Number of protein chains: 2
Amino acid sequence: MNPAAAASRRTASAALQTKDRILDAAEKLFSLYGFDAASVRMIAAAAKVNLAAINYHFQSKEALLLAVYERRVAPINARRVELLRSYLKGSVGRPLKSEPILEAFLRPAIEILDEAPHIPMLMVRTVYLQDRETFREIFDALFRPVSLEFFEALRLALPHLSGPQLFLRMQFFLGSFLQMMAARRAMEGLQGFPELPAPEEMMRQLIHYTAAGLRVRALESSK
Amino acid sequence: MNPAAAASRRTASAALQTKDRILDAAEKLFSLYGFDAASVRMIAAAAKVNLAAINYHFQSKEALLLAVYERRVAPINARRVELLRSYLKGSVGRPLKSEPILEAFLRPAIEILDEAPHIPMLMVRTVYLQDRETFREIFDALFRPVSLEFFEALRLALPHLSGPQLFLRMQFFLGSFLQMMAARRAMEGLQGFPELPAPEEMMRQLIHYTAAGLRVRALESSK
DNA sequence: GATCAACTCAAACGGACGTTTGTATGAACC
DNA sequence: GGTTCATACAAACGTCCGTTTGAGTTGATC
């Protein structure tokens, strides 16, 4: 609507180019340095646009971050749900095993690593650094539907776990996933650690490890 | 040395009171808002000290963060190693199982949750947000020795895993741990999620889950 | 009681920040 | 061909930042 109308007026790409360049630069710098440390001036310089262009196209720095999230996270989550549903369709009568469910969650995130290797840090920041109210709302809106759908799928795959028990183990899995995504960058420059495998291989290993952890019998409450 | 000399001169507690109040406030605000968003003025106000007192007692904001880390993280890691070694001594001839190793790592962190419930966020930020060179150095110095000792212990407990495979699974565990620590705060204010168990119970569940994941056979490389 | 170091405090420093303003530009429309 | 409107740009706005200054206060030491 708004961008389309704009595109029809001008060279049909000038403004879009600007907006996209801003989004690309913002994504990268927010990921690398965080929301506070990445200044609007840095972003403008990296995108090679005028400083005021950022507040013109997006209304504020916060809204820019929101736009970055929307553009990147929404497709990943859509892809996750799409994969999960196709796997569910594939396993006609019987409940799915946990492995394909985990893969449906992981693969879309793994796949963007090639085109945007800095994305993991953005995701980590999304999950952990929702300091401001705005950010918590973004997080909740983007991830809640996906979480619920995967929760229900895993419930069927793991009938030996109660709801709260499964939820806790999903938290453990989520942590492992984020750590896997962030580990490479967190370790860069540090000496003496083993090399990390390629993303696809790390994903296989994480699925294998997590499936074993999810499979193990429920631990009765203490006392 | 420096603080001791100071204490002997003045009321023997005035300056120390100030330094500790600054450290307490800084720890809390760094944890809650992050290094950038927590301003020196906020910290001074929270600690009820004069603004300049912070640059007087610590030389800079970065050095203050470093002091906060030192005070809190170093004891936790010392306790971890102490626990691990006592467990190793206890299991005379035979290699330790992985469960007590995990517990030795987790318990010291769990225990400070009561006196400083905001610490998990500080730890998460430590691990994930080492944007500045200074912070990476702190992290490396504080955690490397501990990591190595736990790595060696787990190596003996899990002889079916190669070094790189074990390292990767330790990353998964570390992620689960951080998520467990941060989950409560990350979820507060959000509706419709199951209640999280008490810290001690979460730790038990995490040990159970992780031991199963560590135990499972090694996955041969693909292709 | 003078000396001196440790400490507190109010005020100011220069700089970076996010945002706004006002003007210029240039294609699309009448 | 003049008007319109989305966009670009340079410059400035006020605010907050981390840090420094310099004068004051305190209490132990001799």
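The values are calculated or read from the model by the stated rules, or taken from the named source; none is laboratory data. Every value quoted in this text rests on a predicted model; they were computed, and no experiment measured them. With ideal geometry, Cβ positions are generated from the backbone for all residues, glycine too; neighbour counts draw on all protein chains shown. Quick note on the areas: whole protein, heavy atoms, side chains included, nothing else; ligands and nucleic acids left out. Shrake-Rupley method; radii C 1.70, N 1.55, O 1.52, S 1.80 Å.
So here's what we get for this one:
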{"quantity": "Chain B, dipole about Cα centre (Lys/Arg Cβ +1, Asp/Glu Cβ -1), debye to the nearest 20", "calculated": "320 debye"}
{"quantity": "Gaussian network model of chain B, springs between alpha carbon atoms under 10 Å - residue of B:Q165, B:Q205, B:Q191 with greatest fluctuation", "calculated": "B:Q191"}
{"quantity": "Spin-label model distance (nm) - A:E70 vs B:E70, 7 Å beyond Cα toward Cβ", "calculated": "4.7 nm"}
{"quantity": "Nitroxide proxy distance, nm - points 7 Å out along Cα→Cβ at A:E62 and B:D24", "calculated": "3.1 nm"}
{"quantity": "Residues in region A:197-218 occluded by at least 30 Å² - accessible area, probe radius 1.4 Å, against chain by itself", "calculated": "A:E201, A:R204, A:Q205, A:H208, A:Y209, A:A212, A:G213, A:V216"}
{"quantity": "Global form of the protein assembly as shown, assessed from the alpha-carbon gyration tensor, a/c cut-off 1.5", "calculated": "oblate"}
{"quantity": "Taking chain A and dividing mean pair separation by its residue count, relative contact order in percent (alpha carbons under 8 Å, at least six apart)", "calculated": "19 percent"}
{"quantity": "Centroid-to-centroid separation of region B:98-127 and region B:17-79 [C-alpha atoms, Å]", "calculated": "20 Å"}
{"quantity": "Whole-Hz ³J(HN,Hα) from phi, Karplus 6.51 cos²θ - 1.76 cosθ + 1.60, for region A:186-199, glycine and proline x", "calculated": "4, 8, 5, x, 8, 9, x, 9, x, 5, 7, x, 4, x"}
{"quantity": "Surface share of carbon and sulfur [accessible, 1.4 angstrom probe, percent] for region B:60-215", "calculated": "58 percent"}
{"quantity": "Net dipole in debye of the protein assembly as shown [+1 Lys, Arg Cβ; -1 Asp, Glu Cβ; about Cα centre; nearest 20]", "calculated": "100 debye"}
{"quantity": "Copy-to-copy label separations for B:E200, where each label sits 7 Å from Cα toward Cβ, in nm and ascending", "calculated": "4.8"}
{"quantity": "Rounded to whole Å, sorted largest first: equivalent-ellipsoid semi-axes of region B:60-215, Cα gyration tensor", "calculated": "26, 21, 15"}
{"quantity": "In degrees, nearest ten, helix B:133-157 long axis to first principal axis of chain B (Cα)", "calculated": "30 degrees"}
{"quantity": "Copy-to-copy label separations for A:R85, where each label sits 7 Å from Cα toward Cβ, in nm and ascending", "calculated": "5.8"}
{"quantity": "Approximate spin-label separation A:E115-B:R217, in nm, with each point projected 7 Å along Cα-to-Cβ", "calculated": "3.8 nm"}
{"quantity": "Cross-link partners of B:K48 among lysines (Cα-Cα below 27 Å; sequence separation of 8 or more within a chain)", "calculated": "B:K19, B:K28, B:K61"}
{"quantity": "Per-residue SASA entry for A:K97, accessible area with 1.4 Å probe, Å² rounded to 10", "calculated": "140 Å²"}
{"quantity": "Sites A:A45 and A:R155 - FRET efficiency at Förster radius 45 Å, r taken between beta-carbons, to 0.05", "calculated": "0.40"}
{"quantity": "Solvent-accessible area per residue for region B:71-223 (1.4 angstrom probe, square angstrom)", "calculated": "44 Å²"}
{"quantity": "Gaussian network model of chain B, Cα within-10 Å springs - most flexible of B:E152, B:E115, B:E99", "calculated": "B:E115"}
{"quantity": "Residues B:A37 and A:L190, FRET efficiency given R0 of 30 Å [Cβ-Cβ distance, rounded to 0.05]", "calculated": "0.70"}
{"quantity": "Positive-end extreme of charge dipole, region A:32-182 - chosen from A:Y87, A:F139, A:F150 (charges on Cβ)", "calculated": "A:Y87"}
{"quantity": "Calculated log₁₀ intensity ratio I(q)/I(0) where the Debye formula runs over C-alpha points of region A:38-130, q = 0.16, 0.25 Å⁻¹", "calculated": "-0.78, -1.26"}
{"quantity": "Exam field: B:A74 pseudo-label spacings to other copies (7 Å along Cα-Cβ), nanometres", "calculated": "4.9"}
{"quantity": "Computed helical MRE - 222 nm, chain A, DSSP H runs ≥ 4 contributing -39500 (n - 2.57), nearest 500", "calculated": "-25000 deg cm²/dmol"}
